[in-house]
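Worksheet for the structure shown next.
Readers should treat all values here as calculations from the given coordinates under stated rules, not as data from a laboratory. Since the structure is predicted, the reported quantities are computational estimates derived from the model, not experimental observations. Ideal geometry is used to build each Cβ from the backbone, glycine not excepted, and the neighbour counts take in all protein chains shown.
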């Protein structure tokens, strides 16, 4: 219940920001977006050995917008996690599934009307989590869940977008700075690892179309 109330409060705040700033600029963008997540956990270096595929979906908008700069907050449902494969005497697949409500606040550098560079911080709120096992040794879901992980994630994000009229396609990378595990049981499995999230997305502008 607390999770739903928190998510609802963020959605209300997000909507209020855009309604209150709707008359600020003729070239603003606001709308919906979604796409592919390729996520992992890292300790020192990020690798693609244990990537988990998921998705992101939500709202975005630009405020304080000019021809060359804007601030772009977003509110996204984002699946994260990682997976491990063990082979040998036993074949075992282990998958960490986490679902976050992410709030990036990005500086947008506009390179004309076609291209944009995005960079800024993000904060995430953990909605749910579990660890699934599949293989010779065991099957099912581990008792490690949301209570064993830190509910707040934060980090930095950077990427670019290409505008095609009312549509934008882009890529982004989110580099987590907060440790995922909280309980001793979770730390024994995950250590001091952090989130790593590469995204490909498509966004649709529901505000004023750009020429």
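What to note about this one:
- Virtual spin-label span in nm between residue 133 and residue 152, 7 Å along Cα→Cβ: 3.4
- FRET E, pair residue 91, residue 167, Förster distance 35 Å, beta-carbon r, rounded to 0.05: 0.20
- Taking the three principal axes of the alpha carbon atoms in the stretch 97-186, the coordinate ranges are 55, 26, 17 Å, sorted in descending order.
- Residue order, fewest to most surrounding Cβ atoms within 10 angstrom, among 152, 169: 152, 169
- Burial ordering of 113, 33, 187, fewest other beta-carbon atoms within 10 Å first: 113, 187, 33
- Model label zone, residue 187; criterion: amide N under 17 Å from point 7 Å along Cα-to-beta-carbon; scope the stretch 147-164: 147-152
- Taking the fewest neighbouring Cβ atoms within 10 Å as the starting point, the ordered list for 146, 83 is 146, 83.
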